[in-house]
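A short write-up of the structure that comes next.
Just so it is clear, none of the values below were taken in a lab; they were calculated from the coordinates. On a predicted model such as this, the values are computed, not experimentally measured, just so you know. Don't worry about glycine lacking a Cβ; one is built from the backbone with ideal geometry, like all the others, and counts go over all protein chains shown.
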Amino acid sequence: MKPRSKRLLLVAGAVALLVGAVALVLNAFQQNLVFFHTPTEVAEGKAPVGRAFRIGGMVETGSIRRAADGVTVQFAITDTAKVIPVSYKGSLPDLFSEGKGAVVQGTLGPDGQFQASEVLAKHDENYMPPEAQHAVDQAKKAAQTVAQ
Amino acid sequence: MMKEMKRPERGKSLFRFAAPQLFYPLAGALAPWFAGAAAVLTIIGLWLAFFVAPTDAQQGEVYRVIFIHVPAAWMSMFVYLIMAFWSAVGLVMNTRLSFMMARALAPTGAMFCVVALVTGALWGKPTWGAYWVWDARLTSQLLLLFLYFGFMALTEAIEDPRRADKAGAIIALVGAVNVPIIYFSVKWWNTLHQGASVSLTKAPSMAATMLAGMLVMALASWAYTIAVTLWRVRPLILERERHAEWVAAELDALEGRI
């Protein structure tokens with residue numbers, strides 16, 4: 001075997017071993033690598049108890065209620081299967097709205113109410129002009145009407 | 001050693017440019033063309049980005065940071081892979097120029113990495129509501145920046161160029177594992193960062209003029225990277241090959257011009 005082929009095998013083998021090791025490590029830490037838990041995971045008791053964590057999902061349509069003090073907001077976060085009620089005091093990001101993605105950080109109370117200390121908006125990877133968005137909304141509405 | 005002392009053969013094969021002596025003038029001749037292409041493409045790309053591409057329905061005008069952010073992020077990952085490629089070629093084939101290419105690429109990759117992180121923070125504040133979060137995408141991208149810094153620091157710190165090259169090559173190869181992690185992080189784990197809008201496996205989820213602007217900016221980044229890397233590798237070649245006769249002649253000619 002030429003020394004050149006030997007070195008190629010050596011480098012390729014070392015990289016392959018490394019990739020395998022990293023894959024195993026990432027697999028083992030799978031739970032710690034997620035930025036947020038889904039409402040379903042929380043309902044199943046998979047979320048950490050007694051310390052702050054994050055829940056991610058959609059802000060349920062029609063769920064946003066502003067309290068009389070003007071700073072407290074109540075809303076519900078859902079993954080369409082489970083719903084978690086959230087209470088938050090503070091300012092919300094501009095993109096925060098009903099039917100859109102959001103990630104809330106805080107603690108789950110014994111009453112099942114999530115006390116959020118931070119609310120982040122999560123937007124999707126779709127970019128389109130307002131007219132196109134309007135057309136998409138219209139098409140969705142039409143499809144719903146047909147379905148009904 | 002015998003092999004290295006031999007004069008580079010002026011055959012037809014493109015591999016003859018692996019000889020520093022032949023690559024030096026080639027790099028000098030090609031770089032201005034790529035720099036010119038980068039300038040023209042950047043002007044077209046920015047024009048598309050700010051005057052042609054429509055406002056986004058969801059985010060308004062702030063989404064326009066995508067035209068810098070995404071090409072920079074792509075480039076930061078891609079440059080690292082090319083660095084790893086040259087490092088592997090250098091280790092296997094024992095070619096000096098490969099290591100010089102890897103070292104010439106590193107600062108540009110690090111620069112794109114910084115641009116991606118900074119523009120991302122500026123984009124995150126108005127949309128997410130935070131400059132920075134420790135999700136898998138952002139954290140692995142930050143790790144990429146540290147890998148670039150590690151590569152540059154290590155190769156600069158070791159005096160003996162051959163040992164410096166080998167040590168750098170190991171960082172480049174080990175760190176390359178991080179690149180697919182960055183790319184697929186948004187698929188593998190829950191992240192605040194959104195998924196890919198453009199990929200090889202599905203139709204792009206953005207308006208055609210937006211996509212055009214982004215791709216032209218990506219091409220501009222490619223041309224820029226090639227130009228500055230060629231310019232950066234030239235003094236590296238002169239420094240490393242300073243004992244060769246042709247370098248002495250080249251330096252004399254340079255002095256004559258000054």
**OP:** With a 10 Å radius around each residue's Cβ, average the other Cβ atoms per peptide and rank B:77-90, A:22-35, highest first.
**Re:** B:77-90, A:22-35
**OP:** Compute the projected area of the convex hull of the Cα atoms of chain B, averaged over all viewing directions, and report it in nm² to one decimal place.
**Re:** 16.6 nm²
Subject >> Computed over the range B:1-151: relative contact order in percent, which uses C-alpha pairs under 8 Å that are six or more apart >> reply: 20 percent
Subject >> For the range B:179-254, diffusion coefficient by Stokes-Einstein and Kirkwood Rh (Cα), 25 °C, 0.890 mPa s, µm²/s >> reply: 147 µm²/s
**OP:** Compute the whole-percent fraction of alpha carbon pairs in the range B:41-117 spaced more than 19 Å apart.
**Re:** 52 percent
Original post:
So what's the gap between the Cα centers of the range B:85-143 and the range B:9-66, to the nearest angstrom?
Top reply: 17 Å
Original post:
Picking from B:THR139, B:PRO126, B:VAL92, whose Cα lies most toward the positive end of the charge dipole for chain B (charges on Cβ: Lys, Arg +1; Asp, Glu -1)?
Top reply: B:VAL92
Original post:
Other chains' Cβ within 10 Å of B:53-65 residues: what's the mean?
Top reply: 4
Original post:
Which order, highest average first, do B:96-102, B:147-153, B:119-125 follow once you tally other Cβ atoms within 10 Å for each residue and take the mean per peptide?
Top reply: B:96-102, B:147-153, B:119-125
Original post:
Quick one: what do you get for the range A:37-122 if you divide its Cα Rg by 2.2 N^0.38 Å?
Top reply: 0.98
Original post:
Dimensions of the protein assembly as shown along principal axes (Cα, Å, largest first)?
Top reply: 83, 47, 41
Subject >> Inter-chain Cβ neighbour average for residues A:8-21, partner chain, 10 Å >> reply: 3
**OP:** Mind putting a number on the dipole of chain B about its Cα centre? Charges go on the C-beta only, +1 for Lys and Arg and -1 for Asp and Glu, and I need it in Debye to the nearest 20.
**Re:** 520 debye
Original post:
Expressed as a rounded percentage, what relative contact order does chain B have, with Cα pairs under 8 Å and six or more residues apart?
Top reply: 32 percent
**OP:** Can you figure out the FRET efficiency of A:LEU26 with B:ASP252, using R₀ = 56 Å and their beta-carbon distance, to the nearest 0.05?
**Re:** 0.50
Original post:
When Cβ neighbours within 10 Å are restricted to other protein chains, what is their mean count per residue of peptide B:188-198?
Top reply: 6
**OP:** Work out the length of the dipole vector of the protein assembly as shown about its Cα centre, built from +1 on the beta-carbon of each Lys and Arg and -1 on the beta-carbon of each Asp and Glu, and round it to the nearest 20 debye.
**Re:** 1400 debye
Subject >> Radius of gyration, Dmax [the range A:1-40; alpha carbons; angstrom] >> reply: 17.6, 58
Original post:
Taking the mean number of other Cβ atoms within 10 Å as a proxy for protection, how do you rank B:53-60, B:27-34, A:14-21 from highest to lowest?
Top reply: B:53-60, B:27-34, A:14-21
Subject >> Relative contact order, percent, chain A [alpha-carbon distance under 8 Å, six or more residues apart] >> reply: 17 percent
**OP:** May I ask which of A:LYS89/A:LYS122; B:LYS125/B:LYS187; A:LYS46/B:LYS202 have a Cα-Cα span longer than 25 Å here?
**Re:** A:LYS46/B:LYS202
Subject >> Span-like helix ranges in chain B, DSSP H, alpha carbon extent 15 angstrom or more, Kyte mean at least 0.0 >> reply: B:20-47, B:66-93, B:96-127, B:136-157, B:161-175, B:208-240
